[in-house]
Amino acid sequence: MKGDTRYISVILPLKLEWEPCYRLPAEMNDVNSGDRVKVMFANKEYLAVVSETGIIPDTDPVKIKPVLSIEEGLGRILPQEITLWRNVADYYLCSVGEVYKAAYPHVRINLEEARAAAKEKIASREEKIADSIRKRIARLEAKVEKRQNMLSKARKESARLTYSKELESAIADLQRAKEALADILDKTSKNGLQRTSDYKDVTLSPAQALAYRKIWNGFEQEKPVMLKGVTGSGKTEIYIKSALECLNNGKNVLYLVPEIALSRQLEERLSEHFGDRLMTFHSGRTPAVRRDITESVREAAENGRPYILLGTRSSLFLPHSNLGLIVVDEEHDSSYKQDSPAPRYNGRDTALMMHKIHNCSIILGSATPSLEEMYNCQAGRHNLVELNERFHGAGEADIEIIDTKAERKKRGMTGNFSRKLIGHIKKTLARGEQVIILRSRRAWASVMQCENCGEIVKCPHCNVSLSRHNDGRMVCHYCGYTARFTGKCAKCGGELSSLGAGTQRIEEEASALFPEARIARLDSDTSKNRNVDTRIIHDFSHGEIDILIGTQMVTKGFDFGNLGLVAVVGADSLLGMQDFRADEKAFQLLEQFRGRCGRREQKGLFVIQTSQPDHPVYKKIMDNEGTEFNSHLLQERKDFNFPPYSRIIEICIKDRIEERVCRMAGKIGTIIRNSFSEGKIAIMNDPVTGPFSPAVDKVADQHIRCIRISLRKDRSLSGRKGTLKNMVRDFEKVNHYEGHITINVDPS
Ligand code: ADP
Ligand code: ZN
């Protein structure tokens, strides 16, 4: 049909439910699905992705706008990427464009620059390697020449023998260097750096080897594998071994972690094994580096050099192809979930989508699997592989629970430290071992209250109390609002007393109690600067810090060999959450923290200071009944129809005007309830809760109301989700209320 006008549909980086149609001007080249084009939409220019070509427009052709240009310099988006966007949009009830925008956030920057920078970066990196090899070749050539000279001049037989041996080995080195250079220059070479000898192998212990075989059995059945292994059992070694296997087969590996800040140690460990085949990707990297990595991933597909990519959830959206394996490390971690902006996706579940799309293996690992995973294993959808033996053979840390209420009565508390804990810390330090103290709140104090009128100092923009910091500021931890701490109540002028000690205060108290010890703190205040973080972790692992105090960050992923004691101060704040997941999360956190301790040959001690010593969470940790605890929680979830037995969707309405947020929430609540509470066959509880005010119901001058819908997991699920999405969209349109409502599937 030559000569006919060509029409295409595109995906725009917007919250847009349809894919608009454009005309390709006659003089323009043809395009394919996945190509990027510049188009005008609502008077703005966008970089769009071609979703379909050769379409027949259903609107008046005269009204269809032309494509402005084809961005040929940008790599083509792969079909698997678009499939993933569609799956994510479907599941998380957002638009495909929103996923595209998350996947390619740099579309907003100057395109010309982007192209030039991407080209240059790649060229320069390859060039750098090539350059260093060239220098080596020059050195080796000089060496060969010298040895040849010496050999020809040598008289003694013994000297001749030495020189000829040296000459031989120099020639061999030179040959290898030349081959390496050829590999770099010949990017299309399929056999680039795929040889086993390029990677450092691992030797598994018998228990690990058994788990490894079971894992690969699972892979062969094309089932996701859940590796449940106590901390220190060598899960990471098994991931590395599996990744090696993939890379040796020329396949790529995606290694997901919940947070990159804490993965420095892991990064070092992986780079030891994979060298320059390791790339690290996360949203904290500069746009230029992210682009660079995106292009490297795309290129790897073309030049056949396999990579292992270590990254956070956003690395799921890189242009992966030829994937052999996805590792989801610490799969239970709620940091995998993105709460804002859309797509509000969970990295773990999205990785499972990837596994289907790419038909690759996937391994989820944790010492404390999520209930969702336990449920998947019970149902036989995933293969459970257990590894209950620590590599270095040390037992799990002993646990001591200290009742702070009882201690206080006995005058056994100095500030936030009990006499017993102080004793344990002293003993540990005397043995030359290290201590980590967990306090779940940062700052100096989390609440300030007037001793005279009882007024609590609140953020003027949020419905939360301000936190007092040790630098004389009062800070809102939600919106960042800051004011000076005067110590006086703004209402009546009375004295303010500080309640709820945070990490800064614990640090202060520890400095007074243990004046000889070297003490450091790790929380989101210190980690604003990544260098500080890295330095603290480095110093601690090299024994240059004795006591490390921090928030949840200190419970995750570190492997310190000399840790004799871990302690939680004020553990009650871990339990207090009004959330059906609270116990599960507290258990995971405490168990993870315990696992940090005594990781080598030695058994450590885990101290919990709490005013609720009888709480079931502690009991279960004491009794080491993790598995039974999980089945107990699972039963509870089943009884109350909570996830994983149902799917929860949360609708949030935000508005600067309180009256309007209440009115709108009430209105949409009624619409949803009318539709979803009908015919509640076999549902115990009302599937719709709310509208209700969340625990923090005003943030940054936005009032918040929520509605929770719990949907049964059956065939009707996806249809009902779709209905809900349309209901919200219609409501927004009819009431001209765009931009206020968010939908969150599987809220964390
Ligand atoms: P996990 O990931 O389960 O917490 P790791 O893989 O970090 O466990 O292993 C714990 C420690 O034991 C690490 O210091 C690691 O180097 C060591 N280790 C585990 N397995 C092996 C092995 N097969 N060979 C050598 N060291 C090992
Ligand atoms: Zn605030």
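The values are calculated or read from the model by the stated rules, or taken from the named source; none is laboratory data. The shown structure was predicted, so the numbers you read here are calculated from the model rather than taken from an experiment. Reconstructed Cβ throughout: ideal geometry from the backbone, glycine too, with neighbour counts over all protein chains shown. Side chains included, ligands, DNA and RNA excluded: accessible areas come from the protein's heavy atoms. Shrake-Rupley method; radii C 1.70, N 1.55, O 1.52, S 1.80 Å.
Take the Cβ atoms of residue 662 and residue 580, set R0 to 22 Å, and the FRET efficiency comes out at 0.30. A protection proxy built from the mean count of other Cβ atoms within 10 Å ranks the segments 91-97, 741-747, most packed first, as 91-97, 741-747. For region 646-745, pairs of C-alpha atoms spaced more than 22 angstrom apart make up 27 percent of the total. Taking a Cβ cut-off of under 12 Å around residue 258, the surrounding Lys, Arg, Asp and Glu residues balance to a net charge of -1, with basic ones at +1 and acidic ones at -1.
Less than 5 angstrom separates the built amide H of residue 387 from those of 228, 229, 230, all sequence-distant by 5 or more or on a different chain. How large, in percent, is the carbon and sulfur part of the accessible surface of the chain at a probe radius of 1.4 Å? Result for the chain: 49 percent of the exposed heavy-atom area is carbon or sulfur.
Determine the sum of side-chain charges near residue 463: Lys and Arg each +1, Asp and Glu each -1, restricted to other residues whose C-beta is under 11 angstrom from that of residue 463. Neighbour charge sum, excluding residue 463 itself: -1.
Note: relative contact order over region 646-745, using C-alpha pairs below 8 Å and six or more positions apart, is 44 percent.
Remark: region 45-59, residue by residue, has Karplus-estimated 3J(HN,Hα) of 8, 9, 9, 10, 10, 5, 9, 8, 10, x, 8, 9, x, 9, 10 Hz, where x stands for each Gly or Pro and the curve is 6.51 cos²θ - 1.76 cosθ + 1.60 at θ = phi - 60°.
Take the Kirkwood radius over Cα pairs of region 206-387, plug it into Stokes-Einstein at 10 °C and 1.306 mPa s, and you get 97 µm²/s for translational diffusion. Reported value for region 270-368: 115 Å³ per residue, from the convex hull of its C-alpha atoms. Karplus-based coupling profile of region 660-667, in residue order and whole Hz: 6, 5, 5, 4, 5, 4, x, 5, with θ = phi - 60° in 6.51 cos²θ - 1.76 cosθ + 1.60 and x standing for Gly or Pro. Couplings 3J(HN,Hα) of region 250-267, computed from phi: x, 9, 8, 10, 10, 10, 9, 10, x, 9, 7, 3, 9, 9, 4, 4, 5, 4 Hz, in residue order, whole Hz [Karplus 6.51 cos²θ - 1.76 cosθ + 1.60, θ = phi - 60°; x for Gly and Pro]. The distance between label points at residue 406 and residue 426 comes to 2.1 nm (points 7 Å beyond Cα on the Cα→Cβ vector). Net length available on complete extension from residue 130 to residue 55 is 22.4 nm, with 0.36 nm assigned per residue and the Cα-Cα distance removed.
Of the whole protein surface, residue 623 contributes about 80 Å² of accessible area at a 1.4 Å probe radius.
Near residue 70, within a Cβ-to-Cβ distance under 10 Å, what is the net charge of the other residues, with Lys and Arg +1 and Asp and Glu -1? Computed value for this residue: -2. Dividing the mean sequence gap of close Cα pairs (under 8 Å, 6+ apart) by how many residues the chain holds gives a relative contact order of 11 percent.
Taking 19 Å as the cut-off for C-alpha to C-alpha distance, list the pairs among 214/235; 200/251; 556/585 that go past it. From the list (214/235; 200/251; 556/585), the Cα-Cα distance tops 19 Å for no pair. Evaluated over the Cα positions of the chain, the convex hull gives a direction-averaged projected area, one quarter of its surface, of 42.4 nm². Restricting the calculation to alpha carbons of region 692-748 gives Rg and Dmax of 13.4, 41 angstrom. Placing +1 on each Lys and Arg Cβ and -1 on each Asp and Glu Cβ, with no other charges, gives the chain a dipole about its Cα centre of roughly 840 debye. Rolling a 1.4 angstrom probe over the protein heavy atoms with all chains in place gives the chain an accessible area of 47 Å² per residue. Taking the DSSP bridge list for region 206-387 and keeping only pairs wholly inside it, about 5 percent are antiparallel.
Taking each DSSP H run with n ≥ 4 as -39500 (n - 2.57) and averaging over every residue of the chain yields -12500 deg cm²/dmol at 222 nm. Peptide packing: for 322-328, 424-430, the average count of neighbouring Cβ atoms within 10 Å per residue gives the ranking 322-328, 424-430, highest mean first. Just so you know, the Cα atoms of region 395-511 work out to an Rg and Dmax of 17.3, 56 Å. Here the peptides 8-18, 202-212, 411-421 are ranked by packing, the mean other Cβ count within 10 Å, and the order with the highest first is 8-18, 411-421, 202-212. Note on region 211-265: Cα Rg divided by 2.2 N^0.38 Å, N the number of residues, gives 1.22.
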